[in-house]
Amino acid sequence: MSVSKIIICVAFLTSCLWSDQDHDRRTLVGTLYSIQGGPSVLSAGDIRLKVNNQVYLLHYRKPISNTFVFGTCDDVGSIWTVIADITTVNEGVLLSAQCSGKPDEPIRRSLTVVRRFFSFTQQRAFESAYSLFTKKWKDNHSIEQFVQESNKLDLSKYGMLGRSGRCLEVDDSPSMNHVIIKAGIDCFVFGGKRPLGELVFDVVRNGKSPVWLIDEVKTVDYSGGLRK
């Protein structure tokens, strides 16, 4: 194992017992599902990239070679072309990335809905936030119930890391009409004085219209428990 490979393994805290045959350098084109990493110019992090039906976890260390045409290229839902050394079936090291600014349209629309939900809720514009849900969801949740529950949310720290909504990531995209968006713990959503963990939004296309709406919201606490 070369010195450079040992450095990469230590930096990413991975158990990579590489030999020269243990990685496969590939060019991948896919949709950015999430991006994590510190603000330092030398920080490490990882991305999740969906390529066809496979989601790759790719580790990186800054500075990384990239060609991003627009500032929105590091938004979740952007289409990336990457060169990566794949070390296992769905994991590897990101070497370079290109992006023209083209997004995955269903994911972009779903993210917009969830970001609007947080924006309206921050502003205490609860009727506007309520309008972002499907009729099926509203049939089981009155506006009065929604306002009561929404008033318990503390979003005063939401968006403190980067631009508003950058903490959101794609959990899954089961179809062209259904995207699952996750607000992770770094979104800093609190229920009173207690962090809620993760909020998971099922976002669906409203029939054949271009409108996307929230069909369900679930809370995943730190123990992995699921609450609706």
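Nothing in this text is a laboratory measurement; each read-out follows from the coordinates by a stated rule. What you see is a predicted model; the values in this text were computed from it and never measured. We place every Cβ from the backbone using ideal geometry, glycine too, and count neighbours over all the protein chains shown.
Placing R0 at 35 angstrom, the Cβ-Cβ distance between SER156 and GLN54 gives a FRET efficiency of 0.35 after rounding to 0.05. In this label model, HIS141 and ASN90 are separated by 2.8 nm, measuring between points 7 Å along each Cα→Cβ vector. The ranking of VAL82, VAL220, VAL114 from fewest to most other beta carbons within 10 Å of each one's beta carbon is VAL220, VAL114, VAL82. For the residue pairs LYS157/LYS182; LYS102/LYS182; LYS50/LYS136; LYS157/LYS218; LYS62/LYS152; LYS102/LYS208, the C-alpha atoms sit more than 28 angstrom apart in LYS50/LYS136; LYS62/LYS152.
Rank these for me by crowding, THR31, THR88, going from fewest to most other beta carbons within 10 Å. It would help to have the intermediate numbers written out before the result.
On the way: THR31 20, THR88 13.
Lowest count first: THR88, THR31.
Sorted largest first, the principal axis extents computed over the alpha-carbon atoms of the stretch 105-227 equal 41, 30, 28 Å. In straight-distance terms, cross-link reach from LYS135 covers every one of the aspartates and glutamates whose alpha-carbon lies under 20 Å from its own, apart from those fewer than eight places away in the same chain; here that gives GLU127, GLU144, GLU149, ASP202, ASP215, GLU216.
Computed extension length for GLN148-SER175: 6.5 nm, one decimal, from 0.36 nm per residue of separation with the Cα-Cα distance subtracted.
Quick one: GLU127, GLU91, fewest Cβ neighbours within 10 Å first, how do they rank?
Values: GLU127 10, GLU91 16.
Least to most surrounded, the residues fall as GLU127, GLU91.
Each Lys and Arg adds +1 at its Cβ and each Asp and Glu adds -1 at its Cβ; summed about the Cα centre, the stretch 105-227 shows a dipole of about 320 debye. If eta is 1.306 mPa s and T is 10 °C, what Stokes-Einstein diffusion coefficient results for the stretch 30-187, Kirkwood Rh from Cα pairs, in µm²/s? Translational D for this selection: 93 µm²/s.
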